[in-house]
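Presented below is the structure to which this report refers.
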Amino acid sequence: MSNHTPTHYDYAVIGCGTIGSMALWQLTELAPEASVLGIERFDRVHTKGSYSGESRLFRVALKEGGIYIPMVQDARRMWLEMNERSGRDIFLPVGALSVGPADFPAMTQTMAVIEEFGLDHEVLDAAGLAERFPVFAAASPDTAADAAILDPAGGGIRPELAVAYAQEFALAAGASLWDNTRVLAVEPGAGPEGATLIRTSAGDVTADKVIVANGSWASDLYPDLAGHISVQCIPLTWYLPLDITGFLPENLPIFMRDIITADGEIWHCYGAPSIDGYSVKISHGDFIGDAPTPDTLEALRTGELPDEVLRVFSERTSAFFDGMLDAPVRITLHHDGFTTDHAPVLGHAPGTDGAVTVATGMSGNGMKFAPVYGRIAAELAVTGHSDRRPDAFDYPTTDREPSAAIIPATLH
Ligand SMILES: Cc1cc2nc3c(=O)[nH]c(=O)nc-3n(C[C@H](O)[C@H](O)[C@H](O)COP(=O)(O)OP(=O)(O)OC[C@H]3O[C@@H](n4cnc5c(N)ncnc54)[C@H](O)[C@@H]3O)c2cc1C
């Protein structure tokens, strides 16, 4: 833990994971003379948050469209800036590939967004896909042929590196970071001269402005958010191809694939090229379907995927990716907080007169936007306002209705 004094800071960030680390960095950019403190419950980087798991997908041609496109374009510039400053490949500019029947909704929505925003892209037919990216084994001849949309501005993110370097940039600019320190309560106005009192496992500290970015633990500090944010368990799986060549980052973008199987079922997977040089992340956001049973949920919580679900997913992974063995070589379990409308909470906490900004409920989609969401949180704290922030991200004082401008975002 670094310096515990002074006990008063101009700005404090609670939770220094994905969004909090970026907010910490952005506070030091926006308010370079200010004193800035980050407080993190676990180690500086750790495996318990929503950001662990080797890679995350980044897309510019987001089928969610609308308000998300300008923000993701800003985020891309910031990811490239992080690469430049760190000298590390935090962002891997390998492109993003959507594969599926040309008339599948995810494909037509993506094309509509590309056209609306004039985004760079390339369309491949089945023959073009087979030639450029032969790892995608053709779907059954009985089903619709594959097409593909290549989003050249997409890519992958190394999430642990992203968190570590955002913190690093903040520390280099003079911020303090208390790790292994749990925030127990946030009490606006309870400190001297109306400052916000932050009670922590290492003692009290005060700050003029506070950003709360405690991820899946949102309701620990804001119990009313429990009704708006549900924490979901998200597994990741890695598979083993015998020939890795076509799966290496120089040969494969991050990808999403939809297949309508011969029996009419829709099968979705997403993944990233091989980062470790031998296995490939191919996964599925929802291993338990729309109607989880207590048994399947319990299995996920205790670190196991339901056998039957995993067997079917593995068989299809093996069938639809060239030369892939039909059992995973690695499974990890993660979590994220999902809002009822899948738009994040990124706004001032009610009744705090702008003293507290809450940034949580990232709904399976927070990594790609992390630098820009961190920027917005910092702008809200420093100036009280952010031009980039959609009103639909308001702190939900009632059950927030989805904005017409938003098509709910999906995992990845
Ligand atoms: C398996 C998986 C795959 C995903 N794939 C993608 C993808 O491909 N693309 C994409 O854009 N997004 C993806 N996401 C979503 C993205 O990773 C999350 O939305 C994002 O990481 C959430 O960030 P966060 O800051 O809210 O939470 P976190 O990163 O978990 O940060 C919260 C931090 O707060 C700390 N904390 C909690 N309570 C306290 C306390 N009381 N005191 C102090 N500190 C506290 C925690 O320790 C943690 O470090 C995926 C998520 C998962 C789980």
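The values are calculated or read from the model by the stated rules, or taken from the named source; none is laboratory data. Here the structure is a predicted model, which means the values were calculated and not measured. Don't worry about glycine lacking a Cβ; one is built from the backbone with ideal geometry, like all the others, and counts go over all protein chains shown. Quick note on the areas: whole protein, heavy atoms, side chains included, nothing else; ligands and nucleic acids left out. Shrake-Rupley method; radii C 1.70, N 1.55, O 1.52, S 1.80 Å.
Points to keep in mind about this one:
- Selection from segment 12-59 of residues that are charged (D, E, K, R) and more than 13 Å from Gln167 (Cα to Cα): Glu33, Arg41, Lys48, Glu54, Arg56, Arg59
- Scanning segment 52-76 for residues that are of a type in the set (Gly, Ala, Ser), at positive phi and more than 7 Å from the ligand (Cβ to nearest atom) returns Gly65, Gly66.
- Of note, Pro249 satisfies the criterion of being at pLDDT 95 or above and either within 14 Å of the ligand (Cβ to nearest atom) or assigned to a loop (DSSP other than H, G, I, E, B) (or both).
- Of all residues making up segment 131-160, the number that are more than 18 Å from Phe104 (Cβ to Cβ) and open to solvent by 40 Å² or more (accessible area, probe 1.4 Å): 6
- Pairs with Cβ under 6 Å, 6+ apart, first in segment 168-184 and of a type in the set (Phe, Trp, Tyr), second assigned to a helix (DSSP H, G or I) and open to solvent by less than 80 Å² (accessible area, probe 1.4 Å): Phe169/Trp25
- The residues in segment 336-364 that are open to solvent by 10 Å² or more (accessible area, probe 1.4 Å), in a loop (DSSP other than H, G, I, E, B) and within 8 Å of the ligand (Cβ to nearest atom) can be counted, and the count is 2.
- Within segment 190-203, the set of residues being more than 17 Å from Asn180 (Cβ to Cβ) and assigned to a strand (DSSP E or B) comprises Thr196, Leu197.
- Residues located in segment 202-243, provided they are touching a Ser or Thr at 6+ places or on another chain (Cβ under 7 Å) and free of Cβ contacts under 8 Å to residues at least 40 places away in the same chain: Ala226
- Qualifying residues in segment 23-71 (those that are closer than 22 Å to Val280 by Cα and polar (S, T, N, Q)) - the one surrounded by the fewest Cβ atoms within 10 Å (Cβ to Cβ): Thr47
- Residue match in segment 43-51 (condition: under 30 Å from Pro105 (Cα atoms) and near the ligand (Cβ under 10 Å from one of its atoms)): yes
- Inside segment 194-211, residues that are surrounded by fewer than 20 Cβ atoms within 10 Å (Cβ to Cβ) and within 23 Å of His385 (Cα to Cα) make up a count of 3.
- Residues that are in contact with a Lys or Arg (Cβ under 7 Å, 6 or more places away or on another chain) and over 16 Å from Ala162 (Cβ atoms) within segment 348-379 comprise Ala355, Ile376, listed in sequence order.
- Looking across segment 259-273 at every residue that is touching a helix residue (DSSP H, G or I) at 6+ places or on another chain (Cβ under 7 Å) and within 16 Å of the ligand (Cβ to nearest atom), the one that is farthest from Asp89 (Cα to Cα) is identified as Cys269.
- Residue, most open to solvent (accessible area, probe 1.4 Å), within segment 212-271, restricted to residues that are among the acidic types (Asp, Glu) and under 18 Å from Leu57 (Cβ atoms): Glu250
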